[in-house]
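Student: Input: one structure, supplied below.
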Amino acid sequence: MQKNRLKYAVDLGMGFSFFLCFFTGLMKWPGKMIGRSNPGCIFTFIHDYSGLLLGFFVLFHLVLNWEWIYAMTKKIFL
């Protein structure tokens, strides 16, 4: 797989994971009817695991773009 396509796929995964985490976080918001005080709720499960997935995508994204991050940091501070 080309590096640009891989980066695009990782970005799509990050966007999808963020959407799931954000949406289910809203459903779990205190005072909402859905997912209120029910730790076994499907929204809690989706929220927790999409948050973990988002974390892995972010780490992978940083690894793929490390050369650019390093170059820009060096350019700014040196």
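Student: Any residue in segment 62-78 that is in contact (Cβ under 8 Å) with a residue 60 or more places away in the chain sitting within a Cβ distance under 6 Å of a residue that is basic (Lys, Arg) and part of a helix (DSSP H, G or I)? List the pairs, counting only those 6 or more apart or interchain.
Tutor: From segment 62-78, the pairs are 64/7.
Student: Does segment 43-53 contain any residue that is closer than 19 Å to residue 6 by Cβ, modelled with pLDDT of 90 or more, surrounded by 10 or more Cβ atoms within 10 Å (Cβ to Cβ) and in contact with a helix residue (DSSP H, G or I) (Cβ under 7 Å, 6 or more places away or on another chain)?
Tutor: yes
Student: Within segment 64-78, can you find the residues that are surrounded by 10 or more Cβ atoms within 10 Å (Cβ to Cβ) and aliphatic (A, V, I, L, M)?
Tutor: 64, 69, 71, 72
The values are calculated or read from the model by the stated rules, or taken from the named source; none is laboratory data. The shown structure was predicted, so the numbers you read here are calculated from the model rather than taken from an experiment. Ideal geometry is used to build each Cβ from the backbone, glycine not excepted, and the neighbour counts take in all protein chains shown.
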